[in-house]
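A.B. asks: Got a structure for you, questions after.
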Amino acid sequence: MASSAGFDPYTPVLANYYAPSLYLQSDLESGLLESRHGDRLLALPETLLRAIYTGLEYETGQAARLVLRNCGRMWGKEFFRRFAQELSDYYQKPLAELEMGLFLQSLKQAWKTHGWGLIDIDWSYKDQGVLVVSIRNSPFAAATPPHFKRPMGFLEAGLLATWFSQLTGQDLACVQTSSEALGAKSNLFILTAATRLKEAEAWVDAGFSHEQILEKVLQSTP
Amino acid sequence: MVSPLEQMLIEAEARYLTPEQLEQLKAYVLGWPKRLHVYRALREGEPQMVSRTLEALQKEMPTIAPQLVDLCRRHLLLLLRHSALAMLLQDESLLRERLIEWVEEEVRLYGLQNVYEVAHRLFQQELKEHLQPGELEFIRPWITQVQAALLSLRSPSILS
């Protein structure tokens, strides 16, 4: 940005695109919610979320996980497309040219403004090809029916897997290793190449902790 | 989120405003010309105040990277513009949602606390020099509030 241009009092200084009062626009009369980009938004009542979990389990049993994950994947694909378009329109450059800090901050704000909780990405293991994502205050964990005794955030896991796959151009998979619904401080997700996570869901089923699973994943060959 | 003024009007549904509310409204309206005047003074003074702050910053911290100076410049502009609007409309919620939440994340990400201690002191100095004492008292509480929120951050940078 040229320094003289920045001082024009009528040129905005670009910052938080996802500030809730700017991003969420509603029309009381028609009952429609839209983003500032003009895309439709959908408010999900808690009852519906609960019903999706229990209804799917009733109808499909174990396959509910797969259904949720696939829904998450489609959702992730759409969300990435929208996110990329919104940010590149706003900052007037392609997503790949955005500074990393700006990009990450926008992701966090977008997550929060959409009401999906507080997302944090831990890059400590990036050299080993592993990302750990933490989400606090997740509405999806909050709506999990209490009889589930393992993390059920397949929707979020699918969303994260696709989102980061699109971002990195690699085939990534995601496993949830701890859940607020089971009393954990945050929902933790491990993301890495799909081939390294083949057994991960079985480890979760067997009751391994986040640390134990992370250890196993880090030991596997990239 | 609604401003305090809007909230008051919502509460006064189908009744008269209470004497206290009327006083608040009166103070808001009576203060308007002065606030508008200060708002304009800030708008006119922005280029000078910000560029002089940055010059002084580079003098005090000669090794500071150009990217950080640019980030600082953007933050000072955001600080001034949002504080000016919050002051004009007497609406604190604008600061938290549109300014503090965003900037504090960047300050943490880039480990800018040390730079900010200097930059904010210099900026306060610039404000004092640029505005009349009667104007300064209108804007200073808003700016100080943001600076206090940002300087209370103390966590290591993850990108350094």
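Every number here is computed from the coordinates shown, using simple stated rules; none is lab data. Please read all numbers here as calculations on a predicted model, not as lab measurements. Every residue, glycine as well, gets a Cβ built from its backbone with ideal geometry; the counts of neighbours run over all protein chains shown.
A.B. asks: Kindly indicate whether B:Tyr116 is under 17 Å from the mean Cα position of the chain (by Cα), within 14 Å of another protein chain (Cβ to nearest Cβ), aromatic (Phe, Trp, Tyr) and assigned to a helix (DSSP H, G or I).
C.D. replies: No.
A.B. asks: Check off (1) within 11 Å of chain A (Cβ to nearest Cβ); (2) crowded, with 21+ Cβ neighbours inside 10 Å; (3) over 9 Å from the mean Cα position of the chain (by Cα) for B:Leu79 and give me the number that stays unchecked.
C.D. replies: The one condition B:Leu79 does not meet is (3).
A.B. asks: Within region A:176-205, which residues are assigned to a helix (DSSP H, G or I) and closer than 15 Å to A:Glu156 by Cα?
C.D. replies: A:Glu180, A:Ala181, A:Glu201
A.B. asks: In addition: When you check B:Arg15 against the structure, is it farther than 25 Å from B:Leu109 by Cα and not in a helix (DSSP H, G or I), yes or no?
C.D. replies: Values: farther than 25 Å from B:Leu109 by Cα: yes; not in a helix (DSSP H, G or I): yes.
For B:Arg15, the condition - farther than 25 Å from B:Leu109 by Cα and not in a helix (DSSP H, G or I) - is met.
A.B. asks: Identify, by number, the condition in (1) surrounded by fewer than 14 Cβ atoms within 10 Å (Cβ to Cβ); (2) in contact with a Lys or Arg (Cβ under 8 Å, 6 or more places away or on another chain) that B:Val50 doesn't meet.
C.D. replies: Against the list (1) surrounded by fewer than 14 Cβ atoms within 10 Å (Cβ to Cβ); (2) in contact with a Lys or Arg (Cβ under 8 Å, 6 or more places away or on another chain), B:Val50 comes up short only on (1).
A.B. asks: Here are some conditions: (1) surrounded by fewer than 21 Cβ atoms within 10 Å (Cβ to Cβ); (2) in a helix (DSSP H, G or I); (3) not small (Gly, Ala, Ser). A:Glu156 meets all but one. Which one does it not meet?
C.D. replies: Only one criterion is unmet by A:Glu156, namely (1).
A.B. asks: If B:Gln67 satisfies all but one of (1) out of contact with any His (no Cβ under 9 Å at 6 or more places or on another chain); (2) in contact (Cβ under 8 Å) with a residue 12 or more places away in the chain; (3) within 11 Å of another protein chain (Cβ to nearest Cβ); (4) over 15 Å from A:Asn16 (Cβ atoms), what's the number of the condition it fails?
C.D. replies: Here B:Gln67 clears every test but (2).
A.B. asks: Now for a separate question. Just to be sure, is B:Arg35 away from every other protein chain (no Cβ under 12 Å) and in contact (Cβ under 8 Å) with a residue 60 or more places away in the chain?
C.D. replies: It is true that B:Arg35 is away from every other protein chain (no Cβ under 12 Å) and in contact (Cβ under 8 Å) with a residue 60 or more places away in the chain.
A.B. asks: Would you say B:Lys26 is out of contact with any Leu (no Cβ under 9 Å at 6 or more places or on another chain) and touching a residue at least 12 places away in the same chain (Cβ under 8 Å)?
C.D. replies: Here the answer is no, as B:Lys26 does not meet what is asked.
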